[in-house]
Amino acid sequence: MAERIEQRLEDRLPELEQLERVGLFTHKEIRAVLRKASALEYKIQRRALRKEDFINYIQYEINLLELIKKRRARTGYSFKKDEIEYSILHRVHSLFNRATGKWKDDVQLWLSHVAFCKQWNAKHQLSKVFSTMLAIHSNKPALWIMAAKWEMETRLSSESARHLFLRALRFHPECPKLYQEYFRMELMHAEKQRKEKKEFEQAKMDLGEFNYSEEILNGEMARIVYRDASQKIKGVEFQLAVLSIAKLFDFTQDLQKEILESLQARYADDPLTWDHLARRELELGSLQPSEPATKQRKASEVAQAEERCCAVFDEAVGAVPTEDMWKCYITFCLERYNRKTNSEELKQKRLERTLSVFSKAHESSLLSEALYKQWLQLLLDSSLSEKAVEVAEAAAKKFRQSVETWQMRLQVLIQLKRDDVTQCFEEAIKHVKSKGTLPLWTLWVEWSEGTNSKEDTETLYQRSLQATTPAESVTMKEMYLDWTYRNCGYKKVKKLFTSLCENRPFSLDFFRKMIQIEKEQESCKMLHLREYYERALREFGSTNTDLWLDYIKEELSHPQGKPENCGSIHWRAMKMLQGDLVEDFVSKYTLLQTGHL
């Protein structure tokens, strides 16, 4: 192994001598490079190879290349590149080849090699990398697309790109993304040929030796790709994706028309089809040439285009009366309403239209829970409070089991300061199952704190502890403790804490809150703090190191503390903590003893 490493280091000498001779590196730097290279070589020649060693070696060589590049720019010396950079590049490629040969499944390693080749313009080497990578990772469409794009955009070889796409489709005959990119590539090829032909014609050159097929120039190859794909791939999403690609090229009107006809014929019952047809009216309106007009004229044209869109949507909800179809319609209306405009008339018209569509969807009983929420928000923003109350009530009747819907209705009533808030809370708790009612109880007690008397709020807290599940009652206990301290004082909260400790479960914050309350008292007693810490440790002593450390700190820093207790606390912690927590506790305890924690 040593002989092999010595040989590889000797192979470096010519490039290093050149670096020193031309003044890019000093003799001291050359020796440092040799020492580092020797250490890296030994690591990658071991019997048990590690991927990290190869990565570190490659990164070192790349950093060396970057440093040489900067030194060249600073000194203005641009010669001997073949003898210096070429040698390092060759070594980096060899390292990448060894690493990817050893760890074939690591896609990121392959992509790093690809990125390196692109950065240093190693086209021939990159072609080999793609070929080897695709032979191993043929099951990844994204890599095929990357390779084909490089062939098309960098090497300007549409034939190679087409060959790669066809190979990829043999492995992935039903991959929508592959077909989309293949379709795009054929259109790019057609556009490139159209530009070449136009330039030749402008230069009045003879096109005899150049064969520009009219079919290819008109995108016939892309049409073949589309027809083949549409037979294998079902779904309106693919059709719309292909159509959006075709719209990027100005010679595809006939192709767009064919895709659109296919879309209407095959997916007439799909909401996305109608959504596209409706939104297309806006595009058609913007494409129509018009004379320079005033802002009022432009607003009028936009309003007319939106009316045409809505006419298509109205037809759509009649032909396809589904929740998804109404969702598309409402989403369109909301998008238009949220667009900025200086025309108050247009803004008001958009608001009226949106509210009208919401009402129609509600009357058809095809409005989803999420859309009810958006409707309510729009009504509140528009100061239509009475209508908001009606809508909230209707939503709660339709989705009786939904906590979010009841929460939404209650928030509306609270925001509007209605008198029937308590009645609505009672109704909500009645209809919703006990599991998951925590948001309702927290909202109820928070509202009660600012509205009702202390006695009513306390009764409500006690009721919530009984009504919620044990896991959810943990949050209510924390809130109850905090509210009692703020409103009833220390003595009351201490009694409450003792009472609440009779029923599990608890949270760590519950105990920490009580500890914090005790510390805020003028006569903070260590006896009480010990009680709270001991209660907390019974629940969380096996899983929380910080709790033990805080207990020890308290004994050390409190005026009534007993530092001699720290030893027994440490011993108990070592016995009680589980797994890696013991090591974590020991390291933190050591830091505490040395004054670093």
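The values are calculated or read from the model by the stated rules, or taken from the named source; none is laboratory data. Nothing here was measured: the structure is a model prediction, and the numbers come from that model. Heads up, the Cβs are rebuilt from the backbone with ideal geometry, glycines too, and the neighbour counts pull from every protein chain shown. Surface accessibility is based on the protein's heavy atoms, side chains included, excluding ligands, DNA and RNA. Shrake-Rupley method; radii C 1.70, N 1.55, O 1.52, S 1.80 Å.
A few points about this structure:
- Boolean, Lys553 is free of Cβ contacts under 8 Å to residues at least 60 places away in the same chain, open to solvent by 50 Å² or more (accessible area, probe 1.4 Å) and closer than 30 Å to Lys454 by Cβ: no
- Helices (runs of 4 or more DSSP H) within the stretch 358-467 that include 2 or more residues under 21 Å from Tyr480 (Cβ atoms) and open to solvent by less than 60 Å² (accessible area, probe 1.4 Å): 403-415, 421-431, 438-451, 454-467
- Cβ-Cβ contacts under 7 Å between residues 6 or more apart (or on different chains), taken from a first residue in the stretch 64-87 that is within 17 Å of Ile30 (Cβ to Cβ) to a second residue that is surrounded by 11 or more Cβ atoms within 10 Å (Cβ to Cβ) and of a type in the set (Asp, Glu), are listed as Leu65/Glu85; Ile68/Glu85; Glu83/Glu15; Ile84/Glu15; Ser87/Glu15.
- Extreme residue, most open to solvent (accessible area, probe 1.4 Å), among residues of the stretch 39-72 that are more than 15 Å from His113 (Cα to Cα) and of a type in the set (Lys, Arg): Arg47
- Conditions (1) of a type outside the set (D, E, K, R); (2) open to solvent by 30 Å² or more (accessible area, probe 1.4 Å); (3) under 24 Å from Lys232 (Cα atoms): number failed by Ala203: (3)
- Any hit, the stretch 87-96, residues being open to solvent by 50 Å² or more (accessible area, probe 1.4 Å) and under 41 Å from the mean Cα position of the chain (by Cα): yes
- Scanning the stretch 165-188 for residues that are part of a helix (DSSP H, G or I), open to solvent by 20 Å² or more (accessible area, probe 1.4 Å) and not aliphatic (A, V, I, L, M) yields Arg167, Arg170, Phe171, Pro176, Lys177, Gln180, Arg184.
- Test result for Leu263, surrounded by 13 or more Cβ atoms within 10 Å (Cβ to Cβ), under 32 Å from the mean Cα position of the chain (by Cα) and either part of a helix (DSSP H, G or I) or charged (D, E, K, R) (or both): yes
Let's see how each residue does on (1) part of a helix (DSSP H, G or I); (2) not charged (D, E, K, R):
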site	(1), (2)
Val474	yes, yes
Lys492	yes, no
Phe497	yes, yes
Pro505	no, yes
Asp509	yes, no
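- Matching residues, the stretch 569-581, being of a type outside the set (Lys, Arg) and loosely packed, with under 11 Cβ neighbours inside 10 Å: Trp571, Gln578, Gly579, Asp580
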